[in-house]
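This report concerns only the one structure given below.
The values are calculated or read from the model by the stated rules, or taken from the named source; none is laboratory data. Predicted, not measured: the structure shown is a model, and the values here were computed from it. Don't worry about glycine lacking a Cβ; one is built from the backbone with ideal geometry, like all the others, and counts go over all protein chains shown. Please note that ligands, DNA and RNA were not included when accessible areas were found on the heavy atoms of the full protein model with its side chains. Shrake-Rupley method; radii C 1.70, N 1.55, O 1.52, S 1.80 Å.
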Amino acid sequence: MQTDEALAARLVDGDDLALRELLRRYEQRLARFLHRQTGGRDVEDLYQETWLRVVRHADRYDATRRFSTWLFQIAVNLCRDWQRRPPPEPRALEDEPAAAELERSDAALDAAQLLARLPDAQREVVVLRYYQDLSEDEVAEILDIPKGTVKSRMHQAIARLAQLVQPEKRVAS
Amino acid sequence: MTSRLDNAFDEHARECGECRETAAPVAALSALLGSDTAQIDAERLSRLAFARVAPALQERAGALFWRRLTRVLIAALVPLPLVIGVDVWMLGWLYEAVAAWLPVSVAAYLVACYGASLLLLISGTYAAIPLLLARPVIEPEPEPAGA
C-alpha cells in the first residue's frame, strides 16, 4: 500500500486514482474537522475547496513532510478565511454570549455548542489535538505556532470550557 | 473517540498544575466533547469533491502529456537529419547500382518505391510517439511483504 506522501506526489501528474485513495483515507477526518470548525455550515464547500487546493498546489507539496499536516494546514487556512466572511444571517451563537443566555442554555450544552463558544484559535487547537488525535508537535506545525502556544491555548480552552459546564463557578467568579 | 479524549485531557491535567489545583472538570468535559455524534455523509462529500476537482486533475494530466510529448519529440527529432541524410545517400547509391543493370526508368521506379516505403516507415515511427505516450501506464502492484 502506498503512503499518503507517495499518493500526493502522484497528484502532480493528475493521477485520479491517487486522489480517490486520498479522499477515501481522509474523508471522515477532514469532514469532521470542518464540521467542528464551522459548526456544520458550508462544510460541503470547504471540503471541496480543500481538495481543489490540494490538486492545484500539488507541485508545491514537499513530500518529505507528512501529507496530513499539509492537508490540515490548507483546511485550517480555509476555515480562517471562512470565519472572516460576514455571516449570511445573524448567528445563533455569538462568540461572547451574554451571561443570561449562557444560563438559559446550560441544560442543552452539547459538544457542538461548547466548541462554538470557544474563540477560533482555541477551537482549532482542541479539534486538532483531541478530535483529530494529533500530537502537540503536529498541531504546532499545522497552525504554524510554537508548541508552548499550543499548550497555553489548550489550557485556556479547558478553563473556558470548564466555566461553561460549571455555571456555579462562573457566577461566583 | 472518548478514550482518546480522556487520554488527551488526562495528559493535559497531568502536565498542568493549575488545572489540577482548580480541579478542572476534565471528566465532564471529556464526556461532553466525546458525545459529539454529528452524522456526516463523508462519502457523498468525497464524490462531490471529486467531481469538482476532476477538471483540475485533467488539466494537470494534459499539461503533463504535452510536456512529455515535447521532450520526446525533441529527443526524437535530433537524429532525424542524420537518418534522412543516410537514407538519401543510400537511395542514390542504390539507384546507381540498379541503373547499371536495369533500364533507368525501371531503376528509378524501384528506388522511388523503396524511398516511399522508407518515408512511410519514418512517418509511422514519429506518429506512434504521441500514441505511445497517451497510453495509460499501469504500475505493478507491490508484492505482499510475506511473498
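The table below gives the values:
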item	result
Residue list for segment A:11-29, filter: more than 8 Å from chain B (Cβ to nearest Cβ) and either touching a Cys at 6+ places or on another chain (Cβ under 8 Å) or buried (at least 19 other Cβ atoms within 10 Å of the Cβ) (or both)	A:A18, A:L22, A:Y26
Residue identified as without any contact (Cβ under 8 Å) to a residue 60 or more places away in the chain, over 22 Å from A:D59 (Cα atoms) and in the same structural domain as B:P130 (by TED's automatic domain parsing) among B:A42, B:A76, B:A27, B:A38	B:A76
Failed item in (1) in contact (Cβ under 8 Å) with a residue 60 or more places away in the chain; (2) at the interface with chain B (Cβ under 10 Å from one of its Cβ atoms); (3) part of a helix (DSSP H, G or I), with A:L52 passing the rest	(1)
Every residue from segment B:29-53 that is at the interface with another protein chain (Cβ under 7 Å from one of its Cβ atoms) and farther than 18 Å from A:R129 by Cα	B:A38, B:I40, B:A42, B:E43, B:L45, B:S46, B:L48, B:A49, B:F50, B:R52, B:V53
Boolean, B:E59 is out of contact with any strand residue (DSSP E or B) (no Cβ under 8 Å at 6 or more places or on another chain) and within 12 Å of chain A (Cβ to nearest Cβ)	yes
Check on B:I74, within 25 Å of the chain's Cα centre (by Cα) and either among the aliphatic types (A, V, I, L, M) or assigned to a helix (DSSP H, G or I) (or both)	yes
Qualifying residue in segment B:70-78 (condition: open to solvent by less than 50 Å² (accessible area, probe 1.4 Å) and basic (K, R))	no
Pairs where the first residue, in segment B:104-133, is in the same structural domain as B:L82 (by TED's automatic domain parsing) and farther than 16 Å from B:I84 by Cβ and the second is outside any helix (DSSP H, G or I) and open to solvent by less than 60 Å² (accessible area, probe 1.4 Å), C-beta under 8 Å, 6+ apart	none
Hits in segment B:46-65 - residues which are exposed (fewer than 13 other Cβ atoms within 10 Å of the Cβ), modelled with pLDDT of 90 or more and small (G, A, S)	B:A51
